[in-house]
Amino acid sequence: MKDDGPPHVAMLATPGMGHLIPLAELAKRLAARHGATATLFTFASTASPTQRSILASLPPSISSHRLPPVDLSDLPRDSLIETLMSEECTRSLPALTGILGELKRTTRLVAFVADFFGADSLVAARDAGVARRCLFMPESLHALSLVLHLPELVVSIPGEFRDLVEPVRLPGCVPIPGPDMISPLQDRSSPAYGLMVRLAERCRAEADAFLINSFDAVEPEAAKVLRQPTPRRPPVYPIGPLIRTAECSGANAAAAPHSPPAACLEWLDEQPARSVIFVSFGSGGALPAEQMRELALGLELSEQRFLWVLRSPSDEDSLSDNYYDAASKKDPFVYLPGGFVERTKKTGFLVPSWAPQIQVLAHKATGGFLTHCGWNSILESLVHGVPMVAWPLFAEQRLNAVMLSEGAGAAIRLPEVKDKETIAAAVRKLMAGEGKGAVVRAKVAELQNAAAEGLREGGAATSSLDQFVENLVGEE
Ligand code: UDP
C-alpha cells in the first residue's frame, strides 16, 4: 500500500437512488472535511440517466467505477428487488476483489464501505486485505437495531411477524407492530426472508463499524442505546442527516431527461408560501391503479395545492423495473380519473416519473410532503422543515412510518384503508396545521434545528464522523 498521499476510501452502492445518493454524500463529506479521496463502485445494472447524472456531478477527488456486468438471467422473473441486488453483488465479488487489490497497491486505501444489500462485499474487502470494513446504513437507527437483533428474533418468534398480537420490542425503539416489520420478513417461505437473515449475520460478523445516516433527535432512545460501546458489537456512528443540498442537485442533476425540472419549480414560484403538498413515492414506488385513483380524488377533495410525481401504476410497471430506472414505462396520465387534470389545473402540477426533490422541498411554496417514507425522503423533509403525511409501501417504509408518526411525531400516518375521504382529511389537517397537523409542524421545526445543530462544528454528527476517521487513520 502507498503510505503517503490522502487517505482513500472505497465504497460500494447497491442499486437504487436511496443507496447511491447518501453514499455519494458521505464520500463528498470525507473529501471536504478530511481531505480523503474515494472510489464509488456501482453495478452494471445501475446506468439510468438519473444515476449517471449523480455520478457525473461528483467532485474530482471522487471517482466512480462501474463493475463489469454479471449474468442474472437464471433468476426467476418475479425475484424480489432485495434478491436481485444482493445476487448482483455476490456475483460481482471476484471482479471487486481484484479491483480492490489494485486500489490497495496504488492508493493509501484505509477503508471499504458498503451498504446493507452489499454486505457480502465485506468479504471481498477482507480477501483483498483492506484493513477496515464498514457498513453504511442509509437507514434509521431503528433499522440498524433490527439488523443487529434479527438472527435471534427469527428464532424467538417462530411464526409470521404479520400474525403477532404483541408488537416487536427492540431496545430503545418504538414498539413495532408485526405487520409493520420490513416487507421481506413478512413471509418465511420467501427467499428474501432467508436473505435478510443471512445479510444481517454477515454484517454482524464482518463489519468493523456501522455508519448510520440518522441523528439523535429523531430517535433519541435508540441513539442512546446504540451509541453505548458494547462488547462484541462494532461501534455505531450516527453521522446524519447526509443529504444533497439544493445547489449541488441543481436543475439538471438527478433529473430525468424527458421531464424538464425547471417547469415544476417555475410553477412553485407562482404559489403562495407553504401552500403546496409535494406527493412522491421515491425512486421505485408506485401505487396500484385503484389507489392512484383514490389519491387523485383525495387531493382534489382536499382543495389543497399539490405537486405530484406521477408514475404508472404498480400493476403495470414492476417495482424492480422502476427501481433500476425511475422513468415510467407507460404514460401515467391515462390512469387518472376522467377530467381530473382539467378540474385541478389551477391547483395541481403533475410531473411524470421524477422531480428535483431537494429543490422542491427547499422551495418556500412547499408546506407538506405526502411520502412513501423512504429514509432519504424523510431526512430531506426534516432538513427542510417540511411536515409529512406517511403512506408507506414496501421494504422498511412501514417501520419508518411507525417511528416517524408514533415515535418522533413528525408525520400523520394514513390509515390502512385509504380512500379519497381519509386522504383528503389527512392532507387538509397537515396543510391547515389543525389538531395533529399543528403538533407535527412544531415537531418538524424542532427536528430541523436539531439536524442543523448536529452538523455544525462540534455537533453530534460531525463529531461522530471525526471520531470514525480518527479511528481509521489512527489504526493504519
Ligand atoms: N428522488 C428525487 N426525485 C424523485 C424521486 C426521488 O430526487 O422524483 C430522490 C429523493 O430525493 C431521495 C431518493 O431519490 O434522495 C429516494 O430515496 P428514498 O430513500 O426516499 O426512497 P427509495 O427510492 O429508496 O424508495
Checking Gly5 against (1) within 13 Å of the ligand (Cβ to nearest atom); (2) among the small types (Gly, Ala, Ser); (3) under 27 Å from Thr106 (Cβ atoms): exactly one of these is not met. Which one? (1)
Scan the range 36-54 residue by residue and report those that are open to solvent by less than 40 Å² (accessible area, probe 1.4 Å) and either free of Cβ contacts under 8 Å to residues at least 24 places away in the same chain or away from the ligand (no atom under 14 Å from the Cβ) (or both). Ala36, Thr37, Ala38, Thr39, Leu40, Phe41, Thr42, Phe43, Ala44, Ala47
Mind listing just one residue for me: the one in the range 140-190 that is outside any helix (DSSP H, G or I) and acidic (Asp, Glu) and, of those, farthest from Val225 (Cα to Cα)? Asp187
Report yes if some residue within the range 16-30 is β-branched (Val, Ile, Thr), surrounded by fewer than 23 Cβ atoms within 10 Å (Cβ to Cβ) and under 19 Å from Met137 (Cα atoms); otherwise report no. no
Exclusive hit being more than 22 Å from the chain's Cα centre (by Cα), surrounded by fewer than 23 Cβ atoms within 10 Å (Cβ to Cβ), assigned to a loop (DSSP other than H, G, I, E, B) and at pLDDT 95 or above, set Arg274, Arg293: Arg274
For the range 277-305, what are the residues that are more than 14 Å from the ligand (Cβ to nearest atom) and in contact with a strand residue (DSSP E or B) (Cβ under 9 Å, 6 or more places away or on another chain)? Ile277, Met292, Leu295, Ala296, Leu299, Glu300, Ser302, Gln304, Arg305
Only one of these conditions is not met by Glu416: (1) open to solvent by less than 10 Å² (accessible area, probe 1.4 Å); (2) within 26 Å of the chain's Cα centre (by Cα). Which number is it? (1)
Taking the criterion of being in a strand (DSSP E or B) and among the basic types (Lys, Arg), would at least one residue in the range 448-460 satisfy it? no
Does the range 1-15 hold any residues that are out of contact with any His (no Cβ under 8 Å at 6 or more places or on another chain) and crowded, with 24+ Cβ neighbours inside 10 Å, and which are they? Val9, Ala10, Met11, Leu12, Thr14, Pro15
If the Cβ limit is 8 Å and pairs must be 6+ apart or interchain, which residue in the range 64-89 that is open to solvent by 50 Å² or more (accessible area, probe 1.4 Å) pairs with which residue that is in a helix (DSSP H, G or I)? Ser64/Leu55; His65/Ile99; Pro68/Ala95; Asp71/Arg91; Leu80/Pro184; Leu80/Pro191; Leu80/Ala192; Leu80/Ser320
Per the filter on the range 119-177, residues open to solvent by 40 Å² or more (accessible area, probe 1.4 Å), in contact (Cβ under 8 Å) with a residue 40 or more places away in the chain and basic (Lys, Arg) are Arg126, Arg132
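The values are calculated or read from the model by the stated rules, or taken from the named source; none is laboratory data. As the structure is a prediction and not an experimental result, all values here were calculated from the model. So basically every Cβ, Gly included, is an ideal-geometry build from the backbone, and we count neighbours across all protein chains shown. The accessibility values were calculated without ligands, DNA or RNA, using every heavy atom of the protein model including side chains. Shrake-Rupley method; radii C 1.70, N 1.55, O 1.52, S 1.80 Å.
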